[in-house]
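Participant: Have a look at the structure that comes next, please.
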Amino acid sequence: MKPQKPLPEPSPETQPYWDGLRNHELRIQRCKACGLGYFYPRPFCPRPGCHSRDVEWFTASGNGKLHSYVIAHRGHPAFDTPYVIAVVELAEGGRMMTNIVGLEDPTPDQLPIDADVEIVYDDVSAELTLPMFRLK
Amino acid sequence: MFDSRELSHKVAIVGAAETDAVGVLPDRSQLQLHAEAALNALDDAGLTLDDIDGYAGIPGAGMTEYLGIMPRWIDGTGVGGCSFLIHVSHAVAAIAAGYCNTVLITHGESGRSRVGVARPGPGPQTPGGQFAQPFGIAGPPTMFSVPIARHMATYGTTEEHLAAVSVATRQWAERNPRAMMRDPITIEDVLNSRLIAWPLHLLNCCLVTDGGGALILTSEDRARDFPKPPVYVLGRGEAAQHQDISQMWDFTEWTAAAQITGPEAFRMAGLGHDDIDHLMLYDAFSHTPIYALEALGFVKPGEAGPWFAEMNSAPGGTLPVNTNGGGLSYTHTGMYGMFAIQEAVRQLRGEAAAQVDGVKTSLVHAPGGMFSATATLILGNE
């Protein structure tokens, strides 16, 4: 039997983010002092030189750029290899880890650094949706 | 304000040893590996456990219980593979402050056999559990490696450059009978070894082993009263930045090393790059020494790949690096920093298996986690 994929559990400060994904919206936070979005959720701006507590939730576009990645050939036993573990820089600010989906056999030449990507909502269950990304 | 330069050369390593063997040791628990290294280091210094009044090690109180000691200074800093460099750094301050006189630092890790090891793992509510684990993270090869593709795109670093680090390090391991992997390898061997997480192939990845190491430190005025020549702590730096690799500030540079640990260690030691005879750059993977060499300022950003490809770090090269064979070919229990310090001490004492002539200074540099914490030491024998 195939092992289960590790699934997240929301914490109080991240609940709005996970609720947003379930509604197919990328809800993240923005700092009203420096104007930049950030990730992951927390009740103040983590940006060096800012650290303001004046922050708000907003719905991000789901667009971003492929900041860097690896192509896992030996990975988690619940995942079919090869698969792409990537870090995406969101258009509004903030970086998040994700998988790049939609490539049958991913290779480096298909995945240029800073390529435009967009969010894909992966409904794992009625309660949980994960944020995946694909090349635009 | 105090100035760290006043603590340069004030504390020395007077005992240093590893476990009897390193490699595959299923007959020893993790605490046993700590203790074996500790007793070997005490033998090396001509001391006993009753002489120890300061202790640093990741098990903290668990280790004082196992050893049967009650130190009056303790440091349980556990931030991954550079923790032991940070223990040395903290011990210098503690000894100079008079908190204690004789510090024992231990590392033991059943990283391969997993005997007597707790395995908590990140809970599903932690940042890692929520924002990294769901995407198929499978240990350091799929996390530590994530920044490399951006370094390649920015600077033209290649898979051949990464392979060269493994080849040069293996040449040192060939000269060290205790090294686990001693057969010569070529660039092609590395590139033809199976892909683990592109751009990393199997031979770009460190070993997974069991073993331990320990150090004894005391003040300069007592340092010459021991059987082995003292190794002085000349400079140190430490920093912490992120936990999860996606939150690393800059994927193309080791910012904490460039801005804090390197400059602080050189400043405290009063030395420049040309004064350094020997480098131990923690090599969890082939790219780690590339990032380190650039961040510490031995070459400019983007130049480390070609520098390693020219075999400057290999036997007979311009600046010997990882002369024990490194985490790539000597041993790597999971938190390798202790073994990097041990080899620097051996080189400075003139007792290394692959001894380099005339080593008077050695710089030891390590990450903890995935470039998460950082530490640098500059050691010297004069």
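Participant: Going through region A:58-71 one residue at a time, which ones are of a type in the set (S, T, N, Q), surrounded by fewer than 20 Cβ atoms within 10 Å (Cβ to Cβ) and part of a strand (DSSP E or B)?
Facilitator: Passing the criteria: A:Thr59, A:Asn63.
Participant: With respect to the numbered conditions (1) surrounded by fewer than 15 Cβ atoms within 10 Å (Cβ to Cβ); (2) over 21 Å from B:Ile245 (Cβ atoms), which one is the sole condition not fulfilled by A:Pro77?
Facilitator: (2)
Participant: Same structure, new question: Restricting attention to region B:117-128, which residues are farther than 20 Å from A:Val70 by Cβ and without any contact (Cβ under 8 Å) to a residue 12 or more places away in the chain?
Facilitator: Once the filter is applied, which keeps residues that are farther than 20 Å from A:Val70 by Cβ and without any contact (Cβ under 8 Å) to a residue 12 or more places away in the chain, region B:117-128 yields B:Ala118, B:Arg119, B:Pro120, B:Gly121, B:Gly123, B:Pro124, B:Gln125, B:Thr126.
Participant: Only one residue in B:Gly121, B:Gly80 is within 14 Å of another protein chain (Cβ to nearest Cβ), within 23 Å of the chain's Cα centre (by Cα) and in a loop (DSSP other than H, G, I, E, B), so which one is that?
Facilitator: Of the residues listed, the single one that is within 14 Å of another protein chain (Cβ to nearest Cβ), within 23 Å of the chain's Cα centre (by Cα) and in a loop (DSSP other than H, G, I, E, B) is B:Gly121.
Participant: Another question, then. With respect to B:Tyr336, is the statement that it is out of contact with any Ser or Thr (no Cβ under 9 Å at 6 or more places or on another chain) and buried (at least 24 other Cβ atoms within 10 Å of the Cβ) true?
Facilitator: For B:Tyr336, the condition - out of contact with any Ser or Thr (no Cβ under 9 Å at 6 or more places or on another chain) and buried (at least 24 other Cβ atoms within 10 Å of the Cβ) - is met.
Participant: Which one of A:Gly75, A:Gly62, A:Gly102 is in contact with a strand residue (DSSP E or B) (Cβ under 9 Å, 6 or more places away or on another chain) and farther than 22 Å from A:Val117 by Cα?
Facilitator: When all the criteria are applied, what remains is A:Gly75.
Participant: What residue, among those in region B:140-156 that are assigned to a loop (DSSP other than H, G, I, E, B) and more than 9 Å from chain A (Cβ to nearest Cβ), is nearest to A:Ala78 (Cα to Cα)?
Facilitator: B:Phe144
Participant: Here's another thing I want to ask about it. Give me the residue from region A:35-49 that is part of a loop (DSSP other than H, G, I, E, B) and out of contact with any Phe, Trp or Tyr (no Cβ under 9 Å at 6 or more places or on another chain) and, out of that set, farthest from the other protein chains (Cβ to nearest Cβ).
Facilitator: A:Gly35
Participant: In region A:72-110, which residues are touching a residue at least 40 places away in the same chain (Cβ under 8 Å) and either part of a loop (DSSP other than H, G, I, E, B) or at the interface with another protein chain (Cβ under 10 Å from one of its Cβ atoms) (or both)?
Facilitator: A:His76, A:Pro77, A:Ala78, A:Phe79, A:Ala86, A:Val88, A:Glu92, A:Gly93, A:Gly94, A:Arg95, A:Met96
Participant: Taking region B:200-249 on its own, how many of its residues are of a type in the set (A, V, I, L, M, F, W, C) and part of a strand (DSSP E or B)?
Facilitator: Summing the residues that are of a type in the set (A, V, I, L, M, F, W, C) and part of a strand (DSSP E or B) in region B:200-249 gives 11.
Participant: Let me ask something additional. Please indicate, with yes or no, whether at least one residue in region B:157-168 is outside any loop (DSSP other than H, G, I, E, B), under 30 Å from A:Tyr121 (Cα atoms) and of a type in the set (A, V, I, L, M, F, W, C).
Facilitator: no
Participant: Still on this model: Quick check on B:Arg150: is it basic (Lys, Arg), surrounded by fewer than 24 Cβ atoms within 10 Å (Cβ to Cβ) and either at pLDDT below 95 or within 22 Å of B:Trp249 (Cα to Cα) (or both)?
Facilitator: It is true that B:Arg150 is basic (Lys, Arg), surrounded by fewer than 24 Cβ atoms within 10 Å (Cβ to Cβ) and either at pLDDT below 95 or within 22 Å of B:Trp249 (Cα to Cα) (or both).
Participant: Further, regarding this structure: Out of B:Pro71, B:Pro59, report the one residue that is over 30 Å from B:Phe266 (Cα atoms) and in contact with a Phe, Trp or Tyr (Cβ under 7 Å, 6 or more places away or on another chain).
Facilitator: Of the residues listed, the single one that is over 30 Å from B:Phe266 (Cα atoms) and in contact with a Phe, Trp or Tyr (Cβ under 7 Å, 6 or more places away or on another chain) is B:Pro71.
Residue by residue, here is whether (1) within 30 Å of B:Tyr55 (Cβ to Cβ); (2) β-branched (Val, Ile, Thr) holds:
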{"residue": "B:Asn176", "(1), (2)": "yes, no"}
{"residue": "B:Met180", "(1), (2)": "yes, no"}
{"residue": "B:Asp183", "(1), (2)": "no, no"}
{"residue": "B:Thr186", "(1), (2)": "no, yes"}
{"residue": "B:Asp189", "(1), (2)": "no, no"}
{"residue": "B:Leu202", "(1), (2)": "no, no"}
{"residue": "B:Cys206", "(1), (2)": "yes, no"}
{"residue": "B:Gly213", "(1), (2)": "yes, no"}
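Participant: Could you count how many residues in region B:294-347 are outside any helix (DSSP H, G or I) and more than 23 Å from B:His87 (Cα to Cα)?
Facilitator: Matching residues across region B:294-347 total 19.
Participant: Next question. From the list B:Glu109, B:Glu36, which residue is part of a helix (DSSP H, G or I), among the acidic types (Asp, Glu) and touching a residue at least 40 places away in the same chain (Cβ under 8 Å)?
Facilitator: It is B:Glu36.
Participant: Going through region A:6-31 one residue at a time, which ones are more than 10 Å from chain B (Cβ to nearest Cβ), touching a residue at least 40 places away in the same chain (Cβ under 8 Å) and outside any strand (DSSP E or B)?
Facilitator: Answer for region A:6-31, where residues must be more than 10 Å from chain B (Cβ to nearest Cβ), touching a residue at least 40 places away in the same chain (Cβ under 8 Å) and outside any strand (DSSP E or B): A:Pro16, A:Leu21, A:Arg22, A:His24.
Participant: Quick check: is even one residue across region A:119-136 in a loop (DSSP other than H, G, I, E, B), more than 10 Å from chain B (Cβ to nearest Cβ) and basic (Lys, Arg)?
Facilitator: Scanning region A:119-136 turns up at least one residue that is in a loop (DSSP other than H, G, I, E, B), more than 10 Å from chain B (Cβ to nearest Cβ) and basic (Lys, Arg).
Participant: A further question on this structure: Restricted to region B:239-264, and to residues that are more than 14 Å from chain A (Cβ to nearest Cβ) and surrounded by fewer than 24 Cβ atoms within 10 Å (Cβ to Cβ), which residue is farthest from B:Leu7 (Cα to Cα)?
Facilitator: Only one residue tops the list, namely B:Ala258.
Participant: What are the residues in region B:178-199 that are within 30 Å of B:Asp27 (Cα to Cα), in contact (Cβ under 8 Å) with a residue 40 or more places away in the chain and part of a loop (DSSP other than H, G, I, E, B), if any?
Facilitator: Answer for region B:178-199, where residues must be within 30 Å of B:Asp27 (Cα to Cα), in contact (Cβ under 8 Å) with a residue 40 or more places away in the chain and part of a loop (DSSP other than H, G, I, E, B): B:Arg178, B:Ala179, B:Met180, B:Met181, B:Arg182.
Participant: Continuing with the same structure: Only one of these is crowded, with 22+ Cβ neighbours inside 10 Å, within 21 Å of B:Gly327 (Cα to Cα) and not aromatic (Phe, Trp, Tyr): B:Ala91, B:Ala17, B:Ala12. Name it.
Facilitator: Sole residue among the options that is crowded, with 22+ Cβ neighbours inside 10 Å, within 21 Å of B:Gly327 (Cα to Cα) and not aromatic (Phe, Trp, Tyr): B:Ala17.
Participant: I've got another one for you. Filter region B:183-226 for residues that are basic (Lys, Arg) and away from chain A (no Cβ under 14 Å) and give the result.
Facilitator: B:Arg222, B:Arg224
The values are calculated or read from the model by the stated rules, or taken from the named source; none is laboratory data. Fair warning: this is a prediction, and the values are worked out from it, not measured in the lab. Cβ sites come from the backbone with ideal geometry, for glycine too, and all protein chains shown count toward neighbours.
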